[in-house]
Amino acid sequence: MSVNITQYQSILSFLKEKNANLVAVSKTKPVEDILELYHLGQRDFGENYVQELVEKFEKLPEDIQWHFIGHLQTNKVKFIAPFVHLIHSVDSEKLLIEIDKQAKKNGRIIQCLLQVHIAKEETKFGFDALEARVFLNKVLTKEIAFANIRITGLMGMASFTDEEVIVSQEFQEIEALYNEFKESLRFTNLSIGMSSDYQLAVIYGGNMVRIGSLLFGARNYNK
Ligand SMILES: *Cc1c(COP(=O)(O)O)cnc(C)c1O
C-alpha cells in the first residue's frame, strides 16, 4: 500500500492554516487506500471516471462526499446523480441541463462548479474565461436558471509546467473571475491546485485543492 500518511498530515495542516479543503483524488487507486485515509478522518474524495466512482461508492462508507472531477458525458450523469456531492467539471450548458434533469429525478439539488479553461494547452475541457463570464452573467440576470442545481464556484487546471510564472498567471485569471461573481452568486468554492501546484493555488484564493499522487503515490497509468 502506498498511502503517504506523513504527507497527508502535513498537507492538511498547511491547508487548515489557509482555510482550504482537501479533495483526495483516488482515481485508479484501490478502496483499501481510500479507507486508510477515511480512517484518519478524510471524507472528501475525487474521482474522474463514472464507472469507477459508482463501484467505489457502492463499496465504501456512506458518509464519504464524492467529488466528480473528470470530463462528464451527458449520458452518464444519471449514474452519479443519486449521490454525487459536487461536480467540479461542468464544461457546457448542455451538461448543466442534464444534471438539472437528473437531480430533479432524484429529488436533489446538485452542487456544481464551472470548469474554466485557464491552461494554454489544447486538450483541456472547459469554458474559456470570456464564455464563463457571459454564462455567469446570464445566471445572474436569471436568463438561465436551474431549479435543481446550485453553482457554487469555479474549477480550473493550470498548465502542466514547472514555470511558476505561467501557473501564477493562470490562477490569477480564474481568481479574478471568481471574485467578480463571488458575492452576487454567493460562490464558496474555488477549486484550483493539484499535487504540483497546490501551494501556489492557495495564494490565489484557492480554497479547495485536488491532490492525488502526493497522497496515493504515482498512478500506474495516465488517467
Ligand atoms: C488527477 C487529477 C487531479 C490530481 O492530480 P495529482 O497531480 O495526482 O495531484 C486533480 N484534478 C483533476 C481534474 C485530475 O484529473
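The values are calculated or read from the model by the stated rules, or taken from the named source; none is laboratory data. Computed from a predicted structure; not experimentally measured. Heads up, the Cβs are rebuilt from the backbone with ideal geometry, glycines too, and the neighbour counts pull from every protein chain shown. These area figures cover heavy atoms from the full protein model, side chains too; ligands, DNA and RNA do not enter into them. Shrake-Rupley method; radii C 1.70, N 1.55, O 1.52, S 1.80 Å.
Here Glu175 clears all of (1) farther than 18 Å from Gly46 by Cα; (2) surrounded by 15 or more Cβ atoms within 10 Å (Cβ to Cβ); (3) at pLDDT below 95 except the condition numbered (3). With the condition kept exactly as written, say whether any residue in segment 127-139 is more than 16 Å from the ligand (Cβ to nearest atom), open to solvent by less than 70 Å² (accessible area, probe 1.4 Å) and touching a Cys at 6+ places or on another chain (Cβ under 8 Å). Within segment 127-139, not a single residue is more than 16 Å from the ligand (Cβ to nearest atom), open to solvent by less than 70 Å² (accessible area, probe 1.4 Å) and touching a Cys at 6+ places or on another chain (Cβ under 8 Å).
Residue check: is Val23 at pLDDT 95 or above and under 30 Å from Gln199 (Cβ atoms)? Spell out how you get there, then give the answer.
Values: at pLDDT 95 or above: yes; under 30 Å from Gln199 (Cβ atoms): yes.
It is true that Val23 is at pLDDT 95 or above and under 30 Å from Gln199 (Cβ atoms).
Annotation: of all residues in segment 193-223 being within 15 Å of the chain's Cα centre (by Cα) and of a type in the set (Val, Ile, Thr), the one that is farthest from the ligand (Cβ to nearest atom) is Val202. Would you call Gln169 of a type in the set (S, T, N, Q), more than 10 Å from the ligand (Cβ to nearest atom) and over 23 Å from Asp44 (Cβ atoms)? Yes: the conditions hold for Gln169.
Would you check if Gln115 is surrounded by 15 or more Cβ atoms within 10 Å (Cβ to Cβ), more than 20 Å from Glu170 (Cβ to Cβ) and of a type outside the set (A, V, I, L, M)? Answer is no for this residue.
With respect to the stated conditions, Ile151 fails to be under 25 Å from Asn48 (Cα atoms), open to solvent by 70 Å² or more (accessible area, probe 1.4 Å) and within 20 Å of the chain's Cα centre (by Cα).
Can you pull out every residue in segment 199-211 that is surrounded by fewer than 23 Cβ atoms within 10 Å (Cβ to Cβ) and under 23 Å from Leu35 (Cα atoms)? Hit for segment 199-211 is Ile211, nothing else.
Under the condition of being assigned to a loop (DSSP other than H, G, I, E, B), of a type outside the set (Gly, Ala, Ser) and farther than 27 Å from Asn179 by Cβ, the residues counted in segment 82-120 number 4.
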